[in-house]
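Participant: Would you mind keeping the following structure in view while I ask a few things?
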Amino acid sequence: MDFAYLNAVVRSTYMPPFDPWFAGGSLNYYYFGQFMMATVIKATGIPTAVAYNLAVPMVFALVVGAAFSLGYNIAEGARRSVQTVRSIPVWSSLVAGLAATLFMVVFSNLDGGVQVLQGAVGTFDFWSPTRMMPPDPPGFEITEFPFFTFLFADLHAHMLAIPLGLLVLGLSLNTVLLSQPGEKAIWFYVSMGLLALTTGSLWATNAWDFPTYLGIGAVALALSQYLRSKPLALGALYRASGLIVIFVILTVFFWLPYHLRLENGFEGIGITVARTNLWHYLVIHGLFVFLVFTLLMTEVPRTLWQWFRDASESRKWMVMAVSCPVAILALAAALLGYSTIVMLSCMLIVVMVMFIRRTAPWPWPKHGDSLLSESDGRAFHLLPLGLLVTALAIGIAVDTVVVKGDIERMNTVFKTYLQAWIFFSLAGAYALWYLGFVKGFFMRITVAKGFWLIGFALLVASSAVYPVLGTRARLADRFDTSTFTLDGMAFMETESYTDDRGTVIFKWDMDAIEWIQEYVQGSPVIVEGRTPLYRWGGRISIYTGLPTVIGWDWHQRQQRCGMGPCDALDARTRDVHIIYVSSDAAATLQLLNDYDVKYVYVGELERNYYPLEGLTKFQDMEAQGHLEVVYKNQEVKVYQIMG
């Protein structure tokens, strides 16, 4: 799909681009990521079959740079703002940047380590870490993580949106910092405008990311007014509300042409009955949970105990009266299958306490605390804590609600867990830096800390297995494993594909595709044979970008009709079948004209899937002057409609 859409955007001379799998229609999908790549392709003139394989590492490099920059700058800003009994070395920020990079785009979930323990080194399954919530049904969840995204090398919306999401995080921090006294107001509003522009682009790139990052941007604007107010005034609340309203409006206004042509298929939110097993969640996010839990255990209990010790007797009794039934309810919920929600809710409450405490020390005293931030440095601590709140909230949300029209909760988990991974990565890097350099966690190694280090080392090792063994397994999962090339069509020179209908030798299709790429101008409509999903069907529209009458119908059904009936797609599917099966030349010609078809493609695939009498009719139509063979090789004929 992604290669077809990229080729279509490159060929399109207007926006929105035409849909290569629904001739006569425009892309009803979030295509801005493909548009960005197509712009580079147009500027460089690189063939799309090569450019596709350059785009993936380019996006990877953008994510690496952004991850390191955010991790480094969060730690460096925090380092300059804290006052501790020991000096924090300058190079500590480099550690945070490196950790953020490894956590985000190199490490995997813990399934790699599990497979090694099971003795699967020689038969490593690179696919299984993306399906960590069996059985299916009920959920069909996808548990992808960024390294797999880039290793699988599918230039899909969720990949292309990652750099934009990281840019939103950087601009959110920048906007808060520019709101501080002494900064020129104009730069604050410029940063806010860029934040709105970038946040809005996520709707056109990967719409699943838009609500989350919209909320992050809104919170950043609220904090920008709160942190500059000493003390908090009602005017700051009014200003923050006004800025948030303007921000939300701008995110849509900047992308209004896109929204005006988009047929939004969003059907709302429903309640899900699927639940995430706590073990599954820990195998997916275990490294991050380990770091976050350690941070909470070293930072919060002492502060709460100090507050409890200094509280009045009535407050102490009130706390105990509330805590006991809450603990009982939490235990009951865990026993009823809500253990993941219970764990994440407990962590979320504690992190929110830390977040609030970083914004305003009340009502907790600061004595004994090693962190005494200046007001203009609080943002560097609040960003990772805010991302941690968001990541934990996502884990709770997907066990509670689901987007209607989803395949159970396949994409709900898939798209939001990727967001959570990014947020956990930055929060985990901050937690590691904070523990090591602010709290001095590694200064004196005790027996307990020794066990902690062993556990941390095992989690890191388990997370680092996949980049090695998973990469090896993925490279072996190719048509031609004897060579490496950037040319995404090179495998067709020597390979073939066999299904239950017969064998297709790719070379003949490759020669025809190259002829079409070279000589067919514009975006005329083609018709080609159809197959079940994820086979060789749709190959001409995929590799040329030319619109076909109907391509992979399941993708079109999702993008145009949701999960409901889709008469237009059913009609096209039926008509393509008639075009290749019917022996009635007049009826076939009428259908070709109805869809404004310019070229009819007949190759090995069509001969495998359709009866001979339906295909020989094209020769009769050629003899009658309705068709003309404009290209042929040993196995392929391309007919042009005359008149």
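Participant: Considering only the other residues whose Cβ falls under 13 Å of the Cβ of Pro138, what net charge follows from Lys and Arg at +1 and Asp and Glu at -1?
Facilitator: Summing Lys and Arg as +1 and Asp and Glu as -1 gives -3.
Participant: Please count, across the chain, the pairs of lysine residues with Cα atoms under 21 Å apart that sit 8 or more places apart or on different chains.
Facilitator: Lysine pairs meeting both conditions in the chain amount to 13.
Participant: Same structure, new question: For Tyr631, list long-range residues whose amide hydrogen, built 1.01 Å from N in the peptide plane, is under 5 Å from its own amide hydrogen.
Facilitator: Hits under the 5 Å cutoff: Val638.
Participant: Hey, another quick one. Tell me the Kirkwood hydrodynamic radius of region 154-312 in angstroms, computed as one over the mean inverse distance between distinct C-alpha pairs.
Facilitator: One over the average 1/r among Cα pairs gives 18.8 Å for region 154-312.
Participant: Can you run phi through the Karplus equation (6.51, -1.76, 1.60; θ = phi - 60°) for region 409-420 and list ³J(HN,Hα) in whole Hz, with x for Gly and Pro?
Facilitator: The phi angles translate into 10, 3, 7, 4, 6, 3, 6, 7, 5, 5, 4, 4 Hz.
Participant: Given the peptides 114-120, 237-243, arrange them by the average over their residues of other C-beta atoms within 10 Å, most packed first.
Facilitator: Top to bottom by mean Cβ count within 10 Å: 237-243, 114-120.
Participant: Through the Karplus equation 6.51 cos²θ - 1.76 cosθ + 1.60, θ set to phi - 60°, convert the phi angles of region 200-215 into ³J(HN,Hα) values in whole Hz; use x for Gly and Pro.
Facilitator: These are the phi-based 3J(HN,Hα) values: x, 5, 5, 4, 7, 9, 7, 4, 4, 7, 4, x, 5, 6, 4, x Hz.
Participant: So how far, in whole Å, is the C-alpha centre of region 138-197 from the one of region 443-509?
Facilitator: Here the two parts' Cα centres lie 27 Å apart.
Participant: Another question, then. Could you tell me the relative contact order of the chain? Use alpha-carbon pairs under 8 Å, at least six residues apart, and round to a whole percent.
Facilitator: This gives 21 percent for the chain.
Participant: To the nearest Å, what is the center-to-center distance of region 247-288 and region 595-642, using C-alpha atoms only?
Facilitator: 44 Å
Participant: So, with a 1.4 angstrom probe, what is the percent of accessible area on region 155-200 that is carbon and sulfur?
Facilitator: Here it works out to 72 percent.
Participant: Tell me whether the chain comes out rounded, prolate or oblate; compute the Cα gyration tensor, take square roots of the eigenvalues as a ≥ b ≥ c, and use a/c under 1.5 as the rounded threshold.
Facilitator: Prolate is the answer for the chain, as a/c is 1.5 or above and a/b outweighs b/c.
Participant: Right, here's the next one. Taking amide H atoms as placed 1.01 Å from N in the peptide plane, list the residues 5 or more away in sequence, or in a different chain, whose amide H sits under 5 Å from that of Lys598.
Facilitator: Amide H neighbours of Lys598: Val525, Ile526.
Participant: Amide H of Thr143 versus every other amide H placed in the peptide plane: which residues, excluding those fewer than 5 positions away on the same chain, fall under 5 Å?
Facilitator: Sorted by chain and number, the residues that satisfy this are Arg131, Met132.
Participant: What list of ³J(HN,Hα) values in whole Hz, one per residue of region 388-394 in order, does the Karplus curve 6.51 cos²θ - 1.76 cosθ + 1.60 (θ = phi - 60°) give from phi, with Gly and Pro shown as x?
Facilitator: Taking θ as phi minus 60°, the curve returns 5, 4, 5, 4, 5, 5, 4 Hz for region 388-394.
Participant: Please sort 523-534, 473-484 by packing, taking for each peptide the average over its residues of neighbouring beta carbons within 10 angstrom, highest first.
Facilitator: 523-534, 473-484
Participant: Net charge near Glu408, counting Lys/Arg +1 and Asp/Glu -1 over other residues with Cβ under 11 Å of its Cβ?
Facilitator: With Lys, Arg at +1 and Asp, Glu at -1, the neighbours total -2.
Participant: Can you tell me which of 1-7, 253-259, 138-144, 180-186 comes out highest on packing, and rank the rest after it, using the mean Cβ neighbours within 10 Å?
Facilitator: My ranking of the peptides, most packed first, is 1-7, 138-144, 253-259, 180-186.
Participant: What accessible area per residue comes out for the chain, rounded to a whole number of Å², with a 1.4 Å probe?
Facilitator: 44 Å²
Participant: Same structure, new question: Given the protein chains as shown and a 1.4 Å probe, how many square angstrom of Lys617 are accessible, to the nearest 10?
Facilitator: Its accessible surface works out to 0 Å², give or take rounding.
Participant: Carbon and sulfur together cover what percent of the accessible area of region 458-581 at a 1.4 Å probe radius?
Facilitator: Roughly 56 percent of what the probe reaches on region 458-581 is carbon or sulfur.
Participant: Along the charge dipole of region 1-159, pointing to its positive end and built from +1/-1 on Cβ of Lys, Arg, Asp and Glu, which listed residue (Ile46, Ile88, Leu27) has its Cα farthest out?
Facilitator: Among Ile46, Ile88, Leu27, the one farthest towards the positive end of the dipole of region 1-159 is Ile88.
Participant: First compute the accessible area of region 60-112 with a 1.4 Å probe, then give the percent of it belonging to carbon and sulfur atoms.
Facilitator: Of the solvent-accessible surface of region 60-112, carbon and sulfur hold 68 percent.
Participant: Right, here's the next one. Where Lys and Arg each count +1 and Asp and Glu each count -1, what net charge lies around Gly502 among other residues with Cβ under 10 Å from its Cβ?
Facilitator: Once all neighbours under 10 Å are counted, the net charge is -1.
Participant: Mind computing the radius of gyration and Dmax over the alpha-carbon atoms of region 107-238? Å is fine for both.
Facilitator: According to the Cα coordinates of region 107-238, Rg and Dmax are 20.8, 65 Å.
The values are calculated or read from the model by the stated rules, or taken from the named source; none is laboratory data. The structure presented is a predicted model; accordingly, all values stated were derived computationally and were not measured. So basically every Cβ, Gly included, is an ideal-geometry build from the backbone, and we count neighbours across all protein chains shown. Just so you know, the surface numbers come from the protein's heavy atoms only, side chains and all, with ligands and any DNA or RNA stripped out. Shrake-Rupley method; radii C 1.70, N 1.55, O 1.52, S 1.80 Å.
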